[in-house]
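Reviewing the structure listed below.
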Amino acid sequence: MQSLVLPFLVLLLSVPAVRSANILYAEDSNATDYIRTSCAATLYKDVCYSTLCRYARAIRNDPDRLARVAISVSLSRARRMAEYVSNLSRQADYGAGPRAAAALHDCFTNFGDAVDEIKGSLNQMRGLDTSSQESFRFQMSNVQTWMSAALTDEETCTDGFEDVPEGPVKSDVNNRATGVKQVTSNALALVNSFVNQASP
């Protein structure tokens, strides 16, 4: 008798866990579908989905959270790029050609500015005042302006390498910067979508 009771109890106790897991799976599936649909508004749809789908549980179906997470991802990538270029720039002072060294120094400055602008955007999103349409529009205008400026700064970095001879440093910087630009462009597009959805 006892040998029959134990398996029954195990089965009984596992039912709520299975049900909870199914609910979580359904919620995650809905959230990832929402992210995929939202990413259709961006220029780099595959990049958008691959960088944001891991945050599905945090985003849910909320355009505000989606925009904030996208900005956070952009900030993280821009910071890593600034650190990378800073290290390259120090090395370039000891042997790179003058044009490459100058381009690296300028690129570091540009990405430093981009980091500040994206950080300002994120702080503005975190303190968003939705009780007043006027305040909301003002704050979101700031976010749009700063994210656009950050994208311009990131593009200026790669523009600075146009006259630099081809080589591994130029290629690597351009490839990495392009990845950051795509993420920032996507974040700006999702911010614009959020503004359009929230506007009366």
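A few points about this structure:
- For a straight C-alpha distance cut-off of 19 angstrom, the lysines reachable from Lys119 (same-chain residues fewer than eight places away being disregarded) are Lys181.
- In terms of packing, defined here as the mean over residues of other Cβ atoms within 10 angstrom, the peptides 145-151, 34-40, 183-189 line up highest first as 183-189, 145-151, 34-40.
- One chain, two ends: Phe138 and Thr37. Fully extended at 0.36 nm per residue, the span grows by 33.6 nm beyond their Cα-Cα distance.
- Most positive-pole-ward Cα, Gly112, Leu66, Ala102, against dipole of the stretch 42-114 from beta carbon charges: Leu66
- Length gained when the stretch Ala198-Asn87 is fully extended (0.36 nm per residue, less Cα-Cα span): 35.8 nm
Where a number appears in this text, it was derived from the coordinates with a stated rule and is not lab data. Remember, predicted model here, so these are calculated numbers, not experimental data. When we count neighbours, we look across all protein chains shown, and the Cβ atoms used for this are built from the backbone with ideal geometry, even at glycine.
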